[in-house]
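Bear in mind that the values in this text are calculations on the coordinates, not laboratory data. Small disclaimer: the values here were computed from a predicted structure and weren't measured.
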Ligand SMILES: C[S@@+](CC[C@H](N)C(=O)[O-])C[C@H]1O[C@@H](n2cnc3c(N)ncnc32)[C@H](O)[C@@H]1O
């Protein structure tokens with residue numbers, strides 16, 4: 001059973017957290033493996049050019065967590081300027097403190113307290129995501145929660161889950177981008193020397209790796225995963241960059257690997273690359289569909305589903321209706337938080353952030 005961590009266990013991130021060296025030989029091996037495989041779950045062009053072994057983890061951060069997500073809380077001016085929203089940090093901190101499921105977010109001058117512990121914006125996102133998920137995970141009666149994450153970047157959420165639920169999570173990270181595979185393996189191994197972190201390659205079967213705490217697995221090898229055996233499926237800011245065929249394949253993978261009663265969490269922009277409706281499996285009962293402070297485009301819901309065995313599109317329609325008529329209507333209305341009146345720059349939040357998003361899409365040629 002998942003146990004809440006104590007107040008005395010407030011996270012602190014090492015200053016040299018991302019001083020992790022790339023492994024050129026490993027990267028070449030993964031890239032060659034990717035070229036040889038026949039799977040078409042391949043990354044788009046942005047990802048094939050973004051990651052090279054000679055790029056440090058620092059350079060890659062912006063690709064994984066965005067130009068705002070990578071910023072330290074110790075740099076509030078940079079957060080305001082890069083996001084184009086003077087009040088973003090305060091709004092995110094308030095949100096995190098408001099939903100804190102673990103009782104670890106300090107009250108009072110929260111932003112400073114977290115900045116002193118080397119928090120970055122992305123770590124607030126991790127706390128947000130885990131706090132939203134915690135109530136849905138509370139009643140799993142098993143020694144270990146089995147998590148299947150697609151497109152986990154450098155392992156941000158895997159790190160958060162291990163910090164929040166030490167010794168109680170087995171995490172499988174699937175990715176199709178060689179640099180993400182190589183760095184997530186290197187990062188999580190360095191961050192958790194006490195855990196067994198493995199990279200699954202070659203002809204390994206599931207039984208070769210199933211005793212590990214963290215398994216990094218190339219997407220083209222995901223068929224080795226046992227069916228109906230995971231409790232939580234995750235995709236954050238990753239399906240949003242894929243075409244419908246790729247998303248369909250990952251939905252099928254999640255639907256076949258998550259056990260009935262298990263939970264799926266998705267947090268993706270729906271007005272970014274592919275903008276039509278997804279083929280969300282009909283048997284996924286929708287439990288939640290809301291924006292979070294990380295939602296940097298208009299339509300960017302955090303969605304939670306419970307995997308069922310019968311058609312639950314009724315729940316999907318219901319949550320979609322509330323989302324469109326409440327969250328999106330709220331975003332469009334003047335009720336949206338306005339920039340901090342004390343700030344010298346008074347950026348117009350919505351046009352600014354949306355035009356940045358559009359510029360980013362254009363720059364990436366997507
Ligand atoms: C913007 S990053 C988000 C990382 C992470 N979820 C987070 O929020 O910190 C997108 C992730 O999707 C992965 N990705 C891109 N294309 C993919 C594909 N076709 N299959 C699997 N993963 C993919 C990237 O390697 C990266 O890990």
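The per residue volume of the convex hull around the alpha-carbon atoms of region 72-179 is 122 Å³. With 5 Å bins beginning at zero, the pair-distance distribution over Cα atoms of region 258-319 amounts to 4, 19, 25, 25, 17, 8, 2 %.
Summarised in one figure, the compactness ratio Rg/Rh of the chain, Cα atoms and Kirkwood Rh, is 0.94.
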